[in-house]
């Protein structure tokens, strides 16, 4: 493992521990050259389906894109990064279990919107407004009306 401080290519593992969810290993490493310590995470490389974009292009599933989109939607909301990562973990697991080789990006977007709807209605509306690309205020208002009709819009306790 290359040292992030001096770029030396030899490090030693000082400590290894199982991650919180049990699906990764946290390792403390020490550089042989500069003796600085850093942390790495090791996880199983899972086979995830290719994502079919709206224009027909296919690209590998990228969990970081999902996390970034959810973080933007949850900005200044009481949603922790751990909660977002847990939702993305669930999404990844369902994709792996599906056994599909390819999945349309719209199905992923809908799954993210469902997760955000359950977590925080403001974050949901933010994500939906970008994802669904509302053309005008009437489309946006129709979505808000639908949320309110389903029992949304409750004030936090």
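All of (1) under 29 Å from residue 17 (Cβ atoms); (2) under 14 Å from the mean Cα position of the chain (by Cα); (3) surrounded by fewer than 16 Cβ atoms within 10 Å (Cβ to Cβ) hold for residue 72 with one exception: (1). Just one residue in the set 98, 105, 33 is more than 15 Å from the chain's Cα centre (by Cα), surrounded by 13 or more Cβ atoms within 10 Å (Cβ to Cβ) and at negative phi; that residue is 33. Within the stretch 107-138, the residues that satisfy the criterion of being at pLDDT below 80 and out of contact with any helix residue (DSSP H, G or I) (no Cβ under 6 Å at 6 or more places or on another chain) are 132, 133, 135, 136.
Restricting the search to strands (runs of 3 or more DSSP E) fully inside the stretch 12-75 and requiring at least 1 residues that are without any contact (Cβ under 8 Å) to a residue 60 or more places away in the chain and closer than 26 Å to residue 113 by Cα gives 50-52, 58-60. Based on what the data block shows, is residue 126 surrounded by 14 or more Cβ atoms within 10 Å (Cβ to Cβ) and over 21 Å from residue 48 (Cβ atoms)? Yes; evaluated as a whole, the condition is true for this residue.
For residue 145, the conditions (1) touching a strand residue (DSSP E or B) at 6+ places or on another chain (Cβ under 7 Å); (2) free of Cβ contacts under 8 Å to residues at least 40 places away in the same chain are fulfilled apart from (1).
The values are calculated or read from the model by the stated rules, or taken from the named source; none is laboratory data. This structure is a prediction, so every number in the text was calculated from the model and none was measured. Methodologically, a virtual Cβ is constructed for each residue, glycine included, from the backbone with ideal geometry; neighbour enumeration extends over all protein chains shown.
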